[in-house]
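What follows is a short report on a single structure.
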């Protein structure tokens, strides 16, 4: 434990953990301690991993620097109040605004009092709380932060964007070509996921979780299955554990291929886009042959996973053989094209301090020097016993994010080759043990864009409450920082190099 | 890059090839036949092409990934005269995904209003078709047909690119029937 994290650790030391919460401890704390935890996070003693509401409670997952195991702290709301920690630790701001919109709790002392997910279109307020009826507001009415200066103009973009992408609104304040400020407004694809994950059976909750962000469906189902299994103290069969890893790496490859191509396409270099599109298609086709679904949706379930087809290993191996060399050539082309590098290098720089403060996962964090990967740092099967490198770069620009993704593809290929050469036999599903009473579980997995956190409370075999937090919560705000001082035309490059999820964030 | 481009000159396209005569139908041959049928119908109705504006009205982005795939070199819908436009003002077809969320309803209605007649609406994916797993939520309006007149539904979670292509053919059939009473 480092000296710096001493206070945060001391705050939670010697407290009894809530019984039945696995594998991380959960502590119930009072308002003063909650405030102190927020202040300590603000001073850099730990990472915020998630903040979510529940009836009468607000939970916060955090990782204290220097400690191997994260933990969860919970505070009971008084009447409807709990102390805001967003004023000390900015990454909590949007999460607190979301909790307020959904539950009607008031974070005391919060600085940004604008609604976030509630666009005034639901007909009710606090849909997971007291649900008082509310008059519908004009969805476009929103107070964007003011920008003062000469020669500034606004560029509103969205929610319906020009490409085949998800909806969200970007408000640029530009001075000529230079972006002075970007402010995001999200929540357009809010589907009420938290309410659909309240008092529901395990299967149905699993199907919802698999559809929180379609591009990361494997990572979500993986995290959900592990959270349920942690709560029920159950370990799936060895074959299922390895197949889960195979699916997760196939998903990572497919997404990185697609995004590398799309980033180059946004710099008008369509050749790489065309080739990466083919690579992506090959991965999806192999995934379908192996697992019966191109995106491998609903394959991972609590208790194990669907078995792979008899020829799975062969078709994945054939796909890897087919894409590995041509991809290396495309990477060389990327590296050898100054006109392309001119667009990606020094564009959309995010500093190390910001990614550390926000605990930004995935390529966003790793391209700016944050050396974190859930697979290595909170290890879980089948990664516990696997050897792989975690590429970390320092430059923090679009180019660095491209390179992190390129190298991650290489690592995924290595992992896949190792696993499919030696797939364990045996069953892939096992019956979950029946369990009376309350049990809670939490799990984090590494999706292609960063860490996904899923928390569940199971009461008598049913999901009483489940919450999923996407990596995008801690990446979207950094996109606002990345584009500052860049030209408007570089926004698509920056945006695609992040590729945050709208649906995963809006829930 | 020069070697790559030079080699590309002599490579066969990765785009699925036409079937040999008498060959049993595989997914590839189905694809090529579908494309041909689609091309003929699109030509009869729209001259040479149709233009699609995709609108995500609340999807999980799974459908978007597969719609994207229509544009890659393997499916390459542009060879059949189908292309995606950036603006609804240029579109013949609105391809809508997702359960329509309350927060996206106004934007979807405005996009529809901005699309010139004649126009068609295709609801793609199980959410757009019947609200999927997101039914019974305070935040969703329902399927696309709850908001817009839908001409065609393409089921699937998400629909595969081949299913999307089949769906577009069906739409052409319906539209041709409507245009020539």
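The values are calculated or read from the model by the stated rules, or taken from the named source; none is laboratory data. Small disclaimer: the values here were computed from a predicted structure and weren't measured. Ideal geometry is used to build each Cβ from the backbone, glycine not excepted, and the neighbour counts take in all protein chains shown.
Only one of the numbered conditions (1) under 30 Å from residue A:199 (Cα atoms); (2) surrounded by fewer than 22 Cβ atoms within 10 Å (Cβ to Cβ) is not met by residue B:79, and that is (1). Against the criterion of being buried (at least 16 other Cβ atoms within 10 Å of the Cβ) and touching a helix residue (DSSP H, G or I) at 6+ places or on another chain (Cβ under 6 Å), residue A:101 does not qualify.
The single residue among A:321, A:336 that is within 26 Å of residue A:397 (Cβ to Cβ) and loosely packed, with under 14 Cβ neighbours inside 10 Å turns out to be A:336.
Here B:42, B:107 are screened, and the one residue that is part of a helix (DSSP H, G or I), modelled with pLDDT under 95 and within 11 Å of another protein chain (Cβ to nearest Cβ) is B:107. I'd like the residue in region B:90-104 that is more than 9 Å from chain A (Cβ to nearest Cβ) and either part of a strand (DSSP E or B) or touching a helix residue (DSSP H, G or I) at 6+ places or on another chain (Cβ under 6 Å) (or both) and, out of all such residues, is nearest to residue B:119 (Cα to Cα). Among residues in region B:90-104 that are more than 9 Å from chain A (Cβ to nearest Cβ) and either part of a strand (DSSP E or B) or touching a helix residue (DSSP H, G or I) at 6+ places or on another chain (Cβ under 6 Å) (or both), the one nearest to residue B:119 (Cα to Cα) is B:93.
Filtered by the rule that a residue be on the phi < 0 side of the Ramachandran plot, within 11 Å of chain B (Cβ to nearest Cβ) and not in a helix (DSSP H, G or I), region A:178-197 gives A:185, A:186, A:188, A:189, A:190, A:191, A:197.
Taken as a whole, the structure places residue A:8 among residues that are within 26 Å of residue A:227 (Cβ to Cβ), crowded, with 22+ Cβ neighbours inside 10 Å and at pLDDT below 90.
Beta carbons closer than 6 Å, at least 6 apart along the sequence or on distinct chains, never pair a first residue in region B:58-87 that is in contact (Cβ under 8 Å) with a residue 40 or more places away in the chain and at the interface with chain A (Cβ under 9 Å from one of its Cβ atoms) with a second that is in a strand (DSSP E or B) and surrounded by fewer than 23 Cβ atoms within 10 Å (Cβ to Cβ).
Does residue A:240 satisfy the condition of being away from every other protein chain (no Cβ under 14 Å), over 18 Å from residue A:441 (Cα atoms) and part of a loop (DSSP other than H, G, I, E, B)? No, not satisfied.
If you filter region A:198-208 down to residues that are assigned to a helix (DSSP H, G or I) and touching a strand residue (DSSP E or B) at 6+ places or on another chain (Cβ under 9 Å), you find that the one that is farthest from the other protein chains (Cβ to nearest Cβ) is A:202.
For region B:93-110, a residue qualifies if it is surrounded by fewer than 22 Cβ atoms within 10 Å (Cβ to Cβ) and under 22 Å from residue B:50 (Cα atoms), and the qualifying residues are B:109, B:110.
Across region A:379-396, the qualifying residues are those that are closer than 7 Å to residue A:367 by Cα and crowded, with 16+ Cβ neighbours inside 10 Å, and the one among them that is farthest from the chain's Cα centre (by Cα) is A:395.
Within region A:78-105, the set of residues being more than 23 Å from the chain's Cα centre (by Cα), at pLDDT 90 or above and not in a loop (DSSP other than H, G, I, E, B) comprises A:81, A:82, A:83.
For the structure I just gave you, tell me whether residue A:226 is under 30 Å from residue A:280 (Cβ atoms) and part of a helix (DSSP H, G or I). Here the answer is yes, as residue A:226 does meet what is asked. For region A:209-224, state whether one or more residues are within 12 Å of another protein chain (Cβ to nearest Cβ), modelled with pLDDT of 95 or more, within 24 Å of residue A:436 (Cα to Cα) and in contact with a helix residue (DSSP H, G or I) (Cβ under 9 Å, 6 or more places away or on another chain). Yes - at least one qualifying residue is present in region A:209-224.
Tallying residues that are touching a strand residue (DSSP E or B) at 6+ places or on another chain (Cβ under 7 Å) and closer than 27 Å to residue B:85 by Cβ within region A:166-187 yields 13. Any idea how many residues of region A:163-177 are more than 21 Å from residue B:98 (Cα to Cα), part of a loop (DSSP other than H, G, I, E, B) and either facing another protein chain (nearest Cβ under 8 Å) or in contact (Cβ under 8 Å) with a residue 60 or more places away in the chain (or both)? Within region A:163-177, residues that are more than 21 Å from residue B:98 (Cα to Cα), part of a loop (DSSP other than H, G, I, E, B) and either facing another protein chain (nearest Cβ under 8 Å) or in contact (Cβ under 8 Å) with a residue 60 or more places away in the chain (or both) number 1. Considering region B:121-155, the residues that are surrounded by fewer than 20 Cβ atoms within 10 Å (Cβ to Cβ) and at the interface with chain A (Cβ under 10 Å from one of its Cβ atoms) include one that is modelled with the highest pLDDT, namely B:138.
Counting just the residues of region A:151-162 that are more than 7 Å from every other protein chain (Cβ to nearest Cβ) and either outside any strand (DSSP E or B) or in contact with a helix residue (DSSP H, G or I) (Cβ under 8 Å, 6 or more places away or on another chain) (or both), which one comes out farthest from residue B:83 (Cα to Cα)? Ranking the qualifying residues of region A:151-162, first place goes to A:151. Summed over region A:37-56, the residues that are more than 23 Å from the chain's Cα centre (by Cα) and surrounded by fewer than 22 Cβ atoms within 10 Å (Cβ to Cβ) give a count of 4.
Applying the criterion of being within 12 Å of residue A:104 (Cα to Cα) and assigned to a loop (DSSP other than H, G, I, E, B) to the residues of region A:124-144, the residue that is nearest to the other protein chains (Cβ to nearest Cβ) is A:127.
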